[in-house]
Amino acid sequence: MNKVLDTKSLTEQQIDLLPLGICVIDSDFNIVCWNKALAQWTEIISEEAIGLNLLALYPHLESPRFLSRINNAFKSCQPVIFSPSSTRPFIPISLDDESGESMLQKATLVILGEQKKYAQISLLDVTEQYRQIQALRAEKEKHRASQSRTLAILKTAADAIVTITSEGAIESFNSAAEQLFGYSASEVLGKNVKLLMPSPFAEEHDGYLAHYGQSGEKNIIGQGREVIGKRKDGATIPVHLSVSEVHSQTNGSASSSRLFTGILRDLTQEKKAQQAVQQSEKRLAYALEATNEGLWDWDITTGQVFFSPIWITSLGYEIESVTPHISFREAIVHPDDQSKVQGLIQEHFEGRTTHYECEYRLRTKSGEYRWYLARGKVVVRDDQGKPLRMVGTDVDITDKKLGENKLKQAIEHAEVANQAKSEFLANMSHEIRTPMTAILGYTELLFEGGDLSNAPPHRLKAINAIRNNANHLLTIINDILDMSKIEAGKMSVERVETHPAQIIEEVVSLLKSQADGKGITIQVEYDTPIPEQILSDPTRLRQILMNLVGNAIKFTEIGSITIRSSLTTDENRLRFAVVDTGIGMTPQQRDSIARFEAFNQADGSTTRKFGGSGLGLRISNTLAQMLGSGIEVESQEGVGSTFIVNIDVGDLAGVKMLTPAEIESRAKQAAAKLNQPKADVNNKPLEGRRILLAEDGPDNQRLISFLLKKAGAEVEVAENGRIAVEKINSADTPYHVILMDMQMPELDGYDATRQLRRENYTGPIIALTAHAMAEDRQKCLDAGCDDYATKPLDRPKLIAVVEKYCSMDRSEIECCAS
Amino acid sequence: MKLNEIQLDALTEIINIGTGQAANSLSELTGSRIELSVPCLHVCGNSDLGDLAEKFGLDFSTLIQQSFEGDVSGQALLAFAKDSAFDLARTVGGIETDDDELDEELHGILEEIGNIVLNSVMGSVANLLECNLAYTLPKIRSEKSFGKIIGNCANNTSQSETMILFADTAVNIASRDIRGSLLLLFETGDIRVLLSALLPDSVV
């Protein structure tokens, strides 16, 4: 130490201890002082430095920045400052850290002494200071960037962001807020936030803020909630508001101020959507309630099901007790309906049905099963079409189901009753026809039995009256039978060879006497040639024309009736028009008639005047529909009526067309034949024929026997089927023909015939039946009969059919049948 | 004390010589052309300065102060609006970062600029007076110190009034026009010394 003190002056020591680099140069830049700090920094010790030239040591100082200013300082004694520069330091000094940077120095140069011979250069190390500045600057830059980012976020945020002071003054108002409230930021900044609130919230707000300020009691801070905002235009808007409290350190002030940031989201659309959903849910609920339908919504993947309260309560369960899972429903489905339900659901799952619909039974809480109609649909499927969600309803249809069953039973009862009615009618007709056979037969016999010219006129009149009324009764019975067939839908028609011209002639000849009696003529006209034969039902065609012409006669007092026929080739139909000059009908009557309702004449009064069951026209219309098209009616009151019927003719290929002239000549020929002397007629066509008549009624036994015997036959009678079979089996000479009544005691005709055929009896058997229905005929043939004759018996027809079979052997019969 | 037109012209000329030298120095320092001009010199008392500043729309928020003593004594000040001051410092220092009033680095540069300008101007005055003046190192002062600087000057000069030579100064650097003020505060007597040195033939 002493040595140092010896060699260095006190001032020098002081300079050494300064935290500055000190260097003193003379005006020639020769170093005269180099303190310890500088020695350390530059690693040039004082002893080495002193005497060196500074410019030689640091040549960069010769640059204008340094040299001229230093020279000038020597001249003017003015101090010079060199600000710190990393690129141009006064004296380049490497830092002793690892940065590799050089020391930043603030250099000052002052001239010492009055002689201006020396300049003292002080170097202040400001490296650390500047580093701090740089760091601070970077920090600030970062902060600024983040601030501008925050500002950008604030500005572009979709939610409105409003900050207010603890006094309620608006501090910031982003553009979403501008949009939400309709104010620009400049309009509201600094103003109290109350202006964004409607009454009474606006009035309460100050109080709330003040209260919070004192008590810290939070109402809304830290949690979001829905509030009402007020726009600039006065409109209120539902908004979701969440408020957070921020303590911000304001610049230049040590005290922190409280700020509240409110984030607001417009709920208008959300509210609307929510309301729409609520409304539609309400509507659905009302509809479901009104129809008492229970709703279910089934998550198929998890099995979770939402059962609506109605669904649950209608089954008598408590809402809490029902597991919201599909297994609950599965468990209460009636065991008999399980597979049906599963099947239909599966079918719908697989997309084979557009909807699921199923009637099934569910067990109520009381254990009773009630019927439900389930209707539903898979509403969500995955990409592969796998069902994910199904929604549907169940409605209680128990009452309806019971009603349906009752209806079903009622229908069954009605059908049974109707069946009974049909059977009754069939039986009645049989019961009536049987005596009618006798009445008509004996009446005929009375006419033929003796010389009527000798009979007293009143007796002749009586016989005639019996015959006419019996025929009338027969017509009525036939009509009732037909009607019952129509009502039962059992009416059928044939398609066989039919000769229309012949039928017209027959109708005319049958009704001629009736017309003659009223002084009316019946004319037949052909507008076109007509086919000799057509494919139709001759019996039914005759019936239609008989009815129409008969009606015409009935309702015509003066004039004529014309049957006009023509072939309409375009429709392939034969048109028959029955034109009368009768009383005609008013349009109302015509319409009433044209409805062809049963038991309906033009009006009730006509029935009394003109008689008739009123069934004929209805039957004719139905028959006409079956044979072609229905009856058309044209009529003019007081002038007359025209009833038109169009009949399908079938295939006419190869069928001869008859001109009116040809028809007339044929008719004449037929009439001439009829008028031939009786001598030509074989009065005994059944001469030598053996006939067995199986018939239980004594009157008919006698009548039929009489007729057959009159025709020359030898007749034996059997009272029932059993006797008939016995007689046939025991007969020495076989019978030529068996006439078999079908309704007989002990063994009826069907069973007797069947038995005979089983025993290989081959002779002809002709059924006699009062059953005029088509199925009866078939029933006879099925039993083994060869043909069939309907009671009451038409004498010539009976003789003709018996005659036919007498002369045929088995093979011929079978040939005929086929 | 009022100065006539000739006196003012003469003083303006002296200042212009100084600023011309300063511009050269700054140009050398930065390697780019810098112009400094003092179009017009005003004289006022310290009490009138506020009105004058207002009239010219000047701002003394950032000051670079340098005191001098000798045959004449006073203060030389360079004043800028804060933004202008930092703008100047950044341009001269080649610093790209924005602002900052706390930034020591910018203050350092401003000190050096002030040192160059004030040295040149005062050098020009000292040459005129053929005297040596003693200077303090330039120092950055804030606006708050301004009143005190002027007041100090007044106090130092006991009863005599402070005269302020005031020049509206335009700095053109890198095509930017930066406006500032140059203020020289003298005691009234010292102005007379100055004027007599400047205009030896006129009666002051």
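Data for the structure
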read-out	value
Wholly enclosed strands (runs of 3 or more DSSP E) of the stretch A:191-272 bearing at least 2 residues modelled with pLDDT under 80	A:236-249, A:256-266
Residue match in the stretch A:346-361 (condition: of a type in the set (D, E, K, R), part of a strand (DSSP E or B) and either without any contact (Cβ under 8 Å) to a residue 24 or more places away in the chain or over 13 Å from A:Asp394 (Cβ atoms) (or both))	yes
Answer residue from the stretch A:163-184, given it is surrounded by fewer than 15 Cβ atoms within 10 Å (Cβ to Cβ) and hydroxyl-bearing (Ser, Thr, Tyr) and is farthest from the chain's Cα centre (by Cα) among those	A:Ser166
Of the criteria (1) at pLDDT 85 or above; (2) in a loop (DSSP other than H, G, I, E, B); (3) under 27 Å from A:Asp479 (Cα atoms), which one A:Thr762 fails	(3)
Tally of residues being in contact with a Cys (Cβ under 6 Å, 6 or more places away or on another chain) and more than 11 Å from chain B (Cβ to nearest Cβ) across the stretch A:107-129	1
Scan of the stretch A:473-521 for residues that are assigned to a helix (DSSP H, G or I) and among the polar types (S, T, N, Q), ordered by number	A:Thr475, A:Asn478, A:Ser484, A:Gln502, A:Ser509, A:Ser513, A:Gln514
Enumeration of residues in the stretch A:45-69 that are away from chain B (no Cβ under 12 Å) and either within 25 Å of B:Gly123 (Cα to Cα) or in a helix (DSSP H, G or I) (or both)	A:Ser46, A:Glu47, A:Glu48, A:Ala49, A:Leu54, A:Leu55, A:Ala56, A:Leu57, A:Pro59, A:His60, A:Leu61, A:Glu62
Hits in the stretch A:11-35 (condition: modelled with pLDDT of 90 or more and either of a type in the set (Phe, Trp, Tyr) or over 20 Å from A:Leu55 (Cβ atoms) (or both))	A:Leu20, A:Phe29, A:Trp34
Selection from the stretch A:152-168 of residues that are of a type in the set (A, V, I, L, M, F, W, C) and either within 12 Å of chain B (Cβ to nearest Cβ) or within 20 Å of A:Ser257 (Cα to Cα) (or both)	A:Ile161, A:Val162, A:Ile164
Candidate set from the stretch B:16-33 (those that are more than 10 Å from chain A (Cβ to nearest Cβ) and surrounded by 21 or more Cβ atoms within 10 Å (Cβ to Cβ)); member that is modelled with the lowest pLDDT	B:Leu26
Residues of the stretch B:111-134 classified as touching a Leu at 6+ places or on another chain (Cβ under 7 Å) and within 21 Å of A:Lys106 (Cα to Cα), total	5
Test: residue in the stretch A:125-139 that is in contact with a strand residue (DSSP E or B) (Cβ under 8 Å, 6 or more places away or on another chain), in a strand (DSSP E or B) and in contact (Cβ under 8 Å) with a residue 60 or more places away in the chain	yes
Only listed residue being part of a strand (DSSP E or B), among the hydrophobic types (A, V, I, L, M, F, W, C) and under 25 Å from B:Gln65 (Cβ atoms), chosen from A:Ile81, A:Ile25, A:Ile31	A:Ile81
Among the candidates A:Gly343, A:Gly316, residue that is among the small types (Gly, Ala, Ser) and assigned to a loop (DSSP other than H, G, I, E, B)	A:Gly316
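Residues checked against (1) under 24 Å from B:Asp87 (Cβ atoms); (2) surrounded by 17 or more Cβ atoms within 10 Å (Cβ to Cβ); (3) more than 9 Å from chain A (Cβ to nearest Cβ); (4) modelled with pLDDT of 85 or more:
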| site | (1), (2), (3), (4) |
| --- | --- |
| B:Val121 | yes, yes, yes, yes |
| B:Ser124 | no, yes, yes, yes |
| B:Ala134 | no, no, no, yes |
| B:Lys139 | yes, no, yes, yes |
| B:Ile150 | no, yes, yes, no |
| B:Ala154 | no, yes, yes, no |
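Matching residues to (1) surrounded by 12 or more Cβ atoms within 10 Å (Cβ to Cβ); (2) over 30 Å from A:Arg361 (Cα atoms); (3) basic (Lys, Arg):
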site: A:Gln409; (1), (2), (3): no, no, no
site: A:Gln419; (1), (2), (3): no, yes, no
site: A:Ser429; (1), (2), (3): yes, yes, no
site: A:Met436; (1), (2), (3): yes, yes, no
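Each row is one residue, and each column tells you yes or no for (1) within 13 Å of chain A (Cβ to nearest Cβ); (2) surrounded by 15 or more Cβ atoms within 10 Å (Cβ to Cβ); (3) not in a helix (DSSP H, G or I).
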position	(1), (2), (3)
B:Glu35	no, no, yes
B:Pro39	no, no, yes
B:Val43	no, yes, yes
B:Glu54	no, no, no
B:Leu63	no, yes, yes
B:Leu77	no, yes, yes
B:Ala85	no, yes, no
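Quick grid of which residues meet (1) at pLDDT below 85; (2) surrounded by fewer than 19 Cβ atoms within 10 Å (Cβ to Cβ); (3) away from every other protein chain (no Cβ under 12 Å):
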{"residue": "A:Val80", "(1), (2), (3)": "no, no, no"}
{"residue": "A:Pro84", "(1), (2), (3)": "no, no, no"}
{"residue": "A:Thr87", "(1), (2), (3)": "yes, yes, no"}
{"residue": "A:Asp96", "(1), (2), (3)": "yes, yes, yes"}
{"residue": "A:Gln105", "(1), (2), (3)": "no, no, no"}
{"residue": "A:Lys140", "(1), (2), (3)": "yes, yes, no"}
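The values are calculated or read from the model by the stated rules, or taken from the named source; none is laboratory data. Just so we're clear, the structure is a prediction, and the values are computed from it rather than from any experiment. Cβ coordinates were reconstructed from backbone atoms using ideal geometry, including for glycine residues, and neighbour counts include every protein chain displayed.
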